[in-house]
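Below: the structure, in structure tokens.
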Amino acid sequence: MRIIRFGTYSFKIKSYSSNEIGLRESSNMTFIIYQRIFHFWYIPIFPIDKFWTIKDSVTGKQITDTTPKMRSAIDLKLIKQKTPIWSYSGLLLFAIPILFLLIYAIYGSVNEIVAGSKKNFAKNNRIDLKEELVRDPQINDLYTFKTLNVDRVTDMNGHFVKYEPSYYSSPYNVDYMVNYISRDSIGFEFLKRKSFDYAYGLKKEFRLSKKDIILATKNFQDLEVYEYQKKSNAKSKDIVGIFKISREQQQDNN
């Protein structure tokens, strides 16, 4: 047995009497308009075209002998006849899940953009606040430095390309207190609050220019803050960034 999976079929969408199309002299005729559609498993996918037939109202037999007046009258009705919306039902049925997935993807993308924008806005606000504190420092300001070990990456010819975080290295936070302020620089002293706090190779005390500090609030920098001497063309190196700046609010005791 052959199963037809897809193809075309036609169905009646409207019938008119001879009076309805202005042919009173053909009172024994019924004018029928059909819609031809493309289907998949008999589910309408989309309409193809419309056509008409004429039948005898009494016997139901199809009439093939027509006049120009008859053809003109029924053609006018055919042009004005709207295509049934359900003839697109299969197309709509297939389109709904695709539309749903598209909306879900757009919604997810919009959420990511909004979340990214909020994150960048918050990050920029934090950077602006840190820069403001750097430009107007105070003794005992608390700076949290973050150390990061990076590896030197080269191309196939051995030429330097970039630095990227070392696979086996984790960043560490180290706290420093401001103990010196000048017009262009700030001095720091390692703050050891617990017995297991370490400087992780950083000097216990050092001074940095405000310009370098501002750069470090935005991204990791290669600064002269480590105890050991740097080796030229070393395969890895340590860099630092300023993760956080805190200032205790001074209260007047009057």
Restricting to the stretch 206-227, what's the tally of residues that are in a loop (DSSP other than H, G, I, E, B), closer than 16 Å to Gly241 by Cα and free of Cβ contacts under 8 Å to residues at least 40 places away in the same chain?
4
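To keep it simple, each residue is scored yes or no on (1) farther than 22 Å from Glu132 by Cα; (2) of a type outside the set (Ser, Thr, Tyr); (3) at pLDDT 85 or above; (4) surrounded by 16 or more Cβ atoms within 10 Å (Cβ to Cβ).
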position	(1), (2), (3), (4)
Arg193	yes, yes, no, no
Asp197	yes, yes, no, no
Gly201	yes, yes, yes, no
Phe206	no, yes, yes, yes
Lys211	no, yes, yes, no
Glu224	yes, yes, yes, no
Val240	no, yes, yes, yes
Gln250	no, yes, no, no
Asn254	yes, yes, no, no
Scan the stretch 182-205 and give yes if some residue there is assigned to a helix (DSSP H, G or I), among the charged types (D, E, K, R) and within 29 Å of Tyr167 (Cβ to Cβ), otherwise no.
no
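A quick yes/no check of all residues on (1) at pLDDT 85 or above; (2) farther than 17 Å from Ser17 by Cβ:
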{"residue": "Arg36", "(1), (2)": "yes, yes"}
{"residue": "His39", "(1), (2)": "no, yes"}
{"residue": "Ile45", "(1), (2)": "no, yes"}
{"residue": "Lys50", "(1), (2)": "yes, yes"}
{"residue": "Ile54", "(1), (2)": "yes, no"}
{"residue": "Gln62", "(1), (2)": "yes, no"}
{"residue": "Thr66", "(1), (2)": "no, no"}
{"residue": "Ser87", "(1), (2)": "no, yes"}
Can you tell me which residue within the stretch 1-59, out of those that are part of a strand (DSSP E or B) and of a type in the set (Asp, Glu), is nearest to Lys69 (Cα to Cα)?
Asp56
Can you name the residue in the stretch 56-93 that is more than 40 Å from the chain's Cα centre (by Cα) and among the aliphatic types (A, V, I, L, M) and, of all such residues, is farthest from Ile45 (Cα to Cα)?
Val58
Checking Asn120 against (1) outside any helix (DSSP H, G or I); (2) of a type outside the set (A, V, I, L, M, F, W, C); (3) out of contact with any strand residue (DSSP E or B) (no Cβ under 7 Å at 6 or more places or on another chain), which test does it fail?
(1)
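Test of understanding: among Lys237, Lys244, Lys203, which residue is touching a residue at least 24 places away in the same chain (Cβ under 8 Å) and in contact with a Lys or Arg (Cβ under 7 Å, 6 or more places away or on another chain)?
Details: Lys244 fails: in contact with a Lys or Arg (Cβ under 7 Å, 6 or more places away or on another chain); Lys203 fails: in contact with a Lys or Arg (Cβ under 7 Å, 6 or more places away or on another chain).
Checking each option against the conditions leaves just Lys237.
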Result of the Cβ filter at 7 Å on the stretch 171-182, keeping first residues that are in contact (Cβ under 8 Å) with a residue 40 or more places away in the chain and within 14 Å of Gly201 (Cα to Cα) and partners that are among the basic types (Lys, Arg) and assigned to a strand (DSSP E or B), at least 6 apart or interchain, is Asn173/Lys146
In the set Leu133, Leu92, which member is touching an Asp or Glu at 6+ places or on another chain (Cβ under 9 Å) and either at pLDDT 75 or above or not in a helix (DSSP H, G or I) (or both)?
Leu133
Note: among Ile106, Ile113, Ile79, Ile98, just one is within 30 Å of Glu25 (Cα to Cα), free of Cβ contacts under 8 Å to residues at least 60 places away in the same chain and outside the structural domain of Lys194 (by TED's automatic domain parsing), namely Ile79
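The values are calculated or read from the model by the stated rules, or taken from the named source; none is laboratory data. No experiment lies behind these values; they were computed from the predicted model shown. Every residue, glycine as well, gets a Cβ built from its backbone with ideal geometry; the counts of neighbours run over all protein chains shown.
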